[in-house]
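Below you'll find the structure, written out as structure tokens, and then a few comments.
The values are calculated or read from the model by the stated rules, or taken from the named source; none is laboratory data. Bear in mind the structure is a predicted one, so any value in this text is a computation, not a measurement. A quick note on method: Cβ atoms are made from the backbone with ideal geometry, for glycine too, and the neighbour counts reach across all protein chains shown. Areas reflect the complete protein model, heavy atoms only, side chains present, ligands, DNA and RNA absent. Shrake-Rupley method; radii C 1.70, N 1.55, O 1.52, S 1.80 Å.
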Amino acid sequence: MKFVIIGGGVAGTTAAEEIRRQDASAEITIIEQEPHRLYSKILLAKYVTDEIDRDRLFLKSEKWYTDKNIELMSEARVLRIDSKNKFVETSEKREIPYDKLIVATGQQPKMLEVDMRGIAYFRTLDDAEILKSSIAHLRTKPKEQRRIIVVGGAFISMEYIHIAQALDIPISIILRSGGFWSRVISQESQEKLFNKARELGIDIHINETFDILGESEFEGVKLSSGVEIGGSILAVGVGVQTDG
């Protein structure tokens, strides 16, 4: 039996592990667009703050894939799935046949239309590396520009808050709604989070949209209320794509 798994994250790797446990002879191929083997995304914030070493992020060793006889195709994308003839075509120009196909790709984060130095995302290890570099660059700036501006009020924003607090970097948060996790939790819970953030000295702006300041490098934002906030990093945490 030939299994092809699209996605080498927790879901895809766990599926491969369970298949191997049940069938020692199965052919298993994992196709992963990232250049890394399975790592913990939960620990990325602690890596950015240097609370843990990079090696501690990885949940599986290269030897694990070899010992389990699981082929891991890193930095590869699926270009086409031929469900009639049962094969996938990859960016490496390979056509890989399968008996069973498992899609475990997760979701893609929403991206801003503008792209410039200082705009940070936080979904992958590569994003974490870029954020570490951006923070190092931020520390070279004048004191009034050493600020992280966060857009969004859900889980990823909490990660940014942890990073900023741990590294003693001023932080501002811009929310389009009236509070954190506004579509999920009660108004009372939102208010408790809001008050706790204010106790921590976090600058919060609710019910705001913004324009980005800067040309090739991020310099700050201008809010819909007219307030301008200077900063060196725009940390984006506005959710995931829900269509196409």
Determine the pairs where a residue that is under 26 Å from G226 (Cβ atoms) and in a helix (DSSP H, G or I), located within region 187-205, has a partner that is open to solvent by less than 80 Å² (accessible area, probe 1.4 Å) and at pLDDT 90 or above with Cβ atoms under 6 Å apart, the partner being 6 or more residues away or on another chain. A197/I204
Within region 13-30, considering residues that are crowded, with 22+ Cβ neighbours inside 10 Å and closer than 11 Å to L101 by Cα, the one nearest to the chain's Cα centre (by Cα): I30
Every residue in region 31-44 that is surrounded by fewer than 16 Cβ atoms within 10 Å (Cβ to Cβ) and more than 30 Å from K2 (Cα to Cα), please. I42
Qualifying position, being out of contact with any helix residue (DSSP H, G or I) (no Cβ under 9 Å at 6 or more places or on another chain), of a type in the set (K, R) and either farther than 29 Å from T29 by Cα or part of a strand (DSSP E or B) (or both), among K132, K141, K93: K141
If you check A104 against the conditions, is it more than 18 Å from the chain's Cα centre (by Cα) and small (G, A, S)? no
Can you tell which of Y47, Y65 is in contact with a strand residue (DSSP E or B) (Cβ under 6 Å, 6 or more places away or on another chain) and open to solvent by less than 70 Å² (accessible area, probe 1.4 Å)? Y65
Considering region 147-182 alone, what residues qualify as being farther than 18 Å from D211 by Cα and among the polar types (S, T, N, Q)? S157, Q165, S182
How many residues, within region 150-172, are in a helix (DSSP H, G or I), surrounded by 22 or more Cβ atoms within 10 Å (Cβ to Cβ) and either of a type in the set (S, T, N, Q) or touching an Asp or Glu at 6+ places or on another chain (Cβ under 8 Å) (or both)? 1
Are any of the residues in region 201-209 surrounded by 13 or more Cβ atoms within 10 Å (Cβ to Cβ), in contact with a Lys or Arg (Cβ under 7 Å, 6 or more places away or on another chain), among the aliphatic types (A, V, I, L, M) and within 29 Å of E129 (Cα to Cα)? yes
Between residues in region 160-177 that are over 23 Å from E228 (Cβ atoms) and residues that are of a type outside the set (A, V, I, L, M, F, W, C), which pairs lie under 8 Å by C-beta distance while being six or more apart or on different chains? H162/T49; I163/T49; A166/T49; A166/E51; L167/T49
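For every residue, the table says whether it meets (1) open to solvent by 50 Å² or more (accessible area, probe 1.4 Å); (2) at pLDDT below 90; (3) within 17 Å of I156 (Cα to Cα).
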| residue | (1), (2), (3) |
| --- | --- |
| G179 | no, yes, yes |
| E188 | yes, no, no |
| D211 | yes, no, no |
| S216 | yes, no, no |
| G220 | no, no, no |
| G230 | no, no, no |
| A235 | no, no, yes |
Of all residues in region 93-108, which are open to solvent by 90 Å² or more (accessible area, probe 1.4 Å), under 20 Å from G12 (Cα atoms) and modelled with pLDDT of 90 or more? E95, K100, V103
Residue among R117, R147 that is buried (at least 18 other Cβ atoms within 10 Å of the Cβ), in contact with an Asp or Glu (Cβ under 9 Å, 6 or more places away or on another chain) and not small (G, A, S): R147
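Residue by residue, here is whether (1) in contact (Cβ under 8 Å) with a residue 40 or more places away in the chain; (2) open to solvent by 30 Å² or more (accessible area, probe 1.4 Å); (3) of a type in the set (G, A, S); (4) in contact with a Gly (Cβ under 8 Å, 6 or more places away or on another chain) holds:
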{"site": "E89", "(1), (2), (3), (4)": "no, yes, no, no"}
{"site": "K110", "(1), (2), (3), (4)": "yes, yes, no, yes"}
{"site": "L131", "(1), (2), (3), (4)": "yes, no, no, no"}
{"site": "K143", "(1), (2), (3), (4)": "no, yes, no, no"}
